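The values are calculated or read from the model by the stated rules, or taken from the named source; none is laboratory data. Everything quoted here is computed from the prediction, not taken from an experiment. With ideal geometry, Cβ positions are generated from the backbone for all residues, glycine too; neighbour counts draw on all protein chains shown. Ligands, DNA and RNA are stripped out before the accessible areas are found, and what is left, the full protein with its side chains, is counted by its heavy atoms. Shrake-Rupley method; radii C 1.70, N 1.55, O 1.52, S 1.80 Å.
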Amino acid sequence: MLLAVLAIGTLALVAGTGLALAARKLPAADSSLVEEINALLPQTQCAQCGYAGCRPYAEAIVDRGEAINLCPPGGEATVQKLARRLGRDPAPLKDLRPPPAVAFIDEDRCIGCLHCRNACPVDAIVGAQNTLHTVIEAECTGCELCIAPCPVDCIELKAAS
Ligand code: SF4
Ligand code: SF4
């Protein structure tokens, strides 16, 4: 009985090791498909898809069935190409842009130093020396350039109303 168990155990160990070695030697069946899909992506490496670059996104599409409509720079044309190559339905390009945001000044903490007003490229901040400053929401683009210069950290981005 013990002999049988040992024999089976040894066989399993040998088989397992063999498979592991074989898997390492044989190139993953889908690596060439990953290359093809990667070649269909615009190579901007912008990470807007949520992956570190075009190749990691290509790997996710092939290896994990990730959605093919996550590449804004590639646009609808890339979605169509990926759908044709993979035999998938072309879904509309996903809008991955963050919701519009504008700067908001906590007027109770503002010391009226003008730093933010001077940093704003579109003159969206009004205020005078030593008086509180406020943001004209309609003018603000949410560029965040005013946040870092504020010495009292009283500016934050808020969802546009
Ligand atoms: S976020 Fe940009 S546009 Fe808006 S107030 Fe600040 S600097 Fe100006
Ligand atoms: S930088 Fe900050 S403290 Fe200075 S005026 Fe602007 S909001 Fe006020």
Inset, instruction - Of all residues in the stretch 72-89, count the ones that are under 18 Å from A39 (Cβ atoms), part of a loop (DSSP other than H, G, I, E, B) and at pLDDT 90 or above. - result: 2
Legend entry - Within the stretch 137-149, tally of residues that are closer than 10 Å to V102 by Cα and either open to solvent by less than 70 Å² (accessible area, probe 1.4 Å) or near ligand 2 (Cβ under 9 Å from one of its atoms) (or both): 3
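Per-residue answers, yes or no, for (1) out of contact with any Cys (no Cβ under 8 Å at 6 or more places or on another chain); (2) assigned by TED's automatic domain parsing to the domain that holds A39:
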position	(1), (2)
I61	yes, yes
R64	yes, yes
A91	yes, yes
G112	yes, no
P151	no, no
L157	yes, no
Legend entry - Criterion (open to solvent by 70 Å² or more (accessible area, probe 1.4 Å), closer than 30 Å to C49 by Cβ and more than 10 Å from ligand 1 (Cβ to nearest atom)) met by exactly one of A159, A91: A159
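Anything in the stretch 49-61 that is within 15 Å of E36 (Cβ to Cβ), touching a residue at least 24 places away in the same chain (Cβ under 8 Å) and open to solvent by 30 Å² or more (accessible area, probe 1.4 Å)? List them, or say none. Break it down stepwise before answering.
The initial filter retains those residues of the stretch 49-61 that are within 15 Å of E36 (Cβ to Cβ), namely 54-55, 57-61.
Now drop any that are not touching a residue at least 24 places away in the same chain (Cβ under 8 Å), which leaves 58-59, 61.
E59 - this is the single residue of the stretch 49-61 that is within 15 Å of E36 (Cβ to Cβ), touching a residue at least 24 places away in the same chain (Cβ under 8 Å) and open to solvent by 30 Å² or more (accessible area, probe 1.4 Å).
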